[in-house]
Amino acid sequence: MPEGDTIFRAAATLHRVLAGKEVTRFESVYPALTRVAEDRPIVGRTIESVSARGKHLLIAFSGDLILRTHMRMNGSWHIYPAGARWQRSAHEMRVLVGTRDAVAVGFNVPVAELLTAQTLAQHRQLRALGPDLLSDTGGSGSSQSEPFDRLEVIRRLRARGGDAIGDALLNQRVVAGIGNVFKSEILFVARIDPFAPVSSLSHAELERLVAVAREQLAGNVMSRSQTLSPAIGRRTTRSLDPREKLWVYGRGGRGCRRCGALIRSKKTGLDARLTYWCPACQPPHPQ
Ligand SMILES: [Zn+2]
């Protein structure tokens, strides 16, 4: 599943290229979308903003129409200059928004629907989302200005007292924006055992965890939006894979960058996601 910062960066990039431009082309393989677009044409509208809410990407058009997409595991948005060759097969296109200069293509995006401001506000999945870790971090030019509610995250964590903290952090109803990579990284930086039940953690520990989570995600958004800066040094590989800079994720059996102990990994949950941790830096939590 894409991390919140990936969606956030995608939204910021799309916003930069598309906002204020007129739609000249709209296509989708989803009949529900094309049906709405027939009744309320999207071509001719102005793209007002592109924003991220949790892992939902929202493209707002003038005249009260909003395209909501969710990437799930394999979806992604690409943006190309008009007429440029796509990096993915046209078969994988699910939805496309074009302007005179650029075309945004949603490949394998499994969830896409057109909403109004009112149906968006009432949307069950969006309403259920916990506070967004990237809200109010100032990264995107769009509607991310809602203040971040740290205590609300802690309240929602407490409501999941019996869950392992690693699972609770992935639950988008508790806090929006953390995927599997950041889960392991955040717990390592905060020196917390991923398998500790939430109820065993102190208020101070949860506060620290939320602060680290916000720092890590926001830091990633900022550093990647400045990839042209030579000081960042990411441009040599052109890789957006965060793994090359990670503390524990993907490093099972290798030495901890902090203490040298061997990093461990374990599959958990129905979808067998891997959790990575350092048994010395993150010892089992007293319960
Ligand atoms: Zn360690």
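Selection over the range 51-68 of residues that are more than 15 Å from GLY4 (Cβ to Cβ) and in contact with a strand residue (DSSP E or B) (Cβ under 8 Å, 6 or more places away or on another chain) gives a count of 8. Among the residues of the range 176-193, those that are among the β-branched types (Val, Ile, Thr) and either within 16 Å of the ligand (Cβ to nearest atom) or assigned to a helix (DSSP H, G or I) (or both) comprise VAL181, ILE186, VAL189, ILE192.
Kindly establish whether GLY269 is at pLDDT below 80, out of contact with any strand residue (DSSP E or B) (no Cβ under 6 Å at 6 or more places or on another chain) and not hydroxyl-bearing (Ser, Thr, Tyr). So GLY269 passes the test. Within the span defined as the range 235-251, every residue fails to be in contact with a Leu (Cβ under 7 Å, 6 or more places away or on another chain), closer than 22 Å to ASP167 by Cβ, of a type in the set (Ser, Thr, Tyr) and modelled with pLDDT of 60 or more. Strands (runs of 3 or more DSSP E) fully within the range 85-137 that include at least 2 residues being of a type in the set (Val, Ile, Thr) and surrounded by 12 or more Cβ atoms within 10 Å (Cβ to Cβ): 93-98, 102-107.
If you go through the range 251-279 and pick out every residue that is within 13 Å of the ligand (Cβ to nearest atom), open to solvent by 60 Å² or more (accessible area, probe 1.4 Å) and in a loop (DSSP other than H, G, I, E, B), you end up with 4. Within the range 194-206, the set of residues being away from the ligand (no atom under 16 Å from the Cβ) and either in contact with a Phe, Trp or Tyr (Cβ under 8 Å, 6 or more places away or on another chain) or among the acidic types (Asp, Glu) (or both) comprises GLU205 only.
The values are calculated or read from the model by the stated rules, or taken from the named source; none is laboratory data. Keep in mind that what you see is a predicted model, and the values were worked out from it rather than measured. So basically every Cβ, Gly included, is an ideal-geometry build from the backbone, and we count neighbours across all protein chains shown. Each accessible area value is taken on the protein alone, full model and side chains, heavy atoms only, with ligands, DNA and RNA left out. Shrake-Rupley method; radii C 1.70, N 1.55, O 1.52, S 1.80 Å.
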